Amino acid sequence: AQSVTQLDSHVSVSEGTPVLLRCNYSSSYSPSLFWYVQHPNKGLQLLLKYTSAATLVKGINGFEAEFKKSETSFHLTKPSAHMSDAAEYFCVVSPRAGFQKLVFGTGTRLLVSP
Amino acid sequence: DTEVTQTPKHLVMGMTNKKSLKCEQHMGHRAMYWYKQKAKKPPELMFVYSYEKLSINESVPSRFSPECPNSSLLNLHLHALQPEDSALYLCASSQEASSSGANVLTFGAGSRLTVL
């Protein structure tokens, strides 16, 4: 069975400082992993995905994530936060193929202060 | 066109009403999904259609009735809903994943449903 744990329900940063959103996964095989972002009253937008190619994955809006198999982690980072980054972020694990269920983490709300 | 379009954006209905949510995509995707999202929670899968056939029903109550008229359209018919059904309903689509590909979902902006 697969599962994903987002270690922080809320993260607060100041504009211009680095962002770290933590995600640990559990999977009996090498998974596909995603980060999605959801702004208030909006749908989910794909930030980036890992599908067994390079372990350092670059996404949109300056975000990136590193797949670490030894630590079963897929943390999301950004060097410098912007006010527009304030949103809910979901770490998601998926079977490598097929359209079985995605497994969502519980989400991390990123708060960015001026 | 890389969007999933959902209508209406907002819907208020009484418990005896019948209404429908609509979803449309023109990306050639062959899998379409309905998710339900309560406030401050992750999305929960309701239904999956593959090649216009229902492939997954997550034990959703029969007051929710999905329909996939063609490969671009997905509807969710609502009847005799309860106040606890109030939520954001998200539609998503994906290509049929190959054995070497991951299943990347493209989500719509959602339909905010309030049941009085």
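Rule-based calculations on the coordinates, nothing more; no lab input. These numbers come from a predicted model, not from an experiment. Here the Cβ is made from the backbone with ideal geometry for all residues, glycine too, and neighbour counts use every protein chain on show.
Cross-linked pairs A:K68/B:K9; A:K42/A:K78; A:K78/B:K53; A:K42/A:K69; A:K69/B:K22: Cα-Cα separations exceed 30 Å for A:K68/B:K9; A:K78/B:K53; A:K42/A:K69; A:K69/B:K22. Partner aspartates and glutamates whose Cα lies under 15 Å from the Cα of A:K49, excluding those fewer than 8 positions away in the same chain, are identified as A:E64, A:E66.
Looking at region A:1-93, the trypsin sites (Lys or Arg not before Pro) that sit in a DSSP loop and have at most 12 other Cβ atoms within 10 Å of their own Cβ are A:K69.
Sorted from largest to smallest, which semi-axis lengths in Å does the alpha carbon gyration tensor of the protein assembly as shown give for its equivalent ellipsoid, taking the root of 5 times each eigenvalue?
Values: eigenvalues 180, 91, 46 Å².
They are 30, 21, 15 Å, listed largest first.
Springs between Cα atoms under 10 Å define the GNM used for chain A, and in it the highest mean-square fluctuation of A:A81, A:A53, A:A65 occurs at A:A53. In chain A, one over the average inverse separation of all distinct C-alpha pairs is 14.1 Å, which is the Kirkwood hydrodynamic radius. In units of the rule-of-thumb radius 2.2 N^0.38 Å, chain B shows an alpha carbon radius of gyration of 1.03. Annotation for region B:11-54: trypsin sites (Lys or Arg not before Pro) lying in DSSP loop with at most 11 further Cβ atoms inside 10 Å of their Cβ are B:K40. FRET efficiency for the pair A:A54 and A:A1, taken as 1/(1 + (r/R0)^6) with r the Cβ-Cβ distance and R0 = 35 Å, rounds to 0.85.
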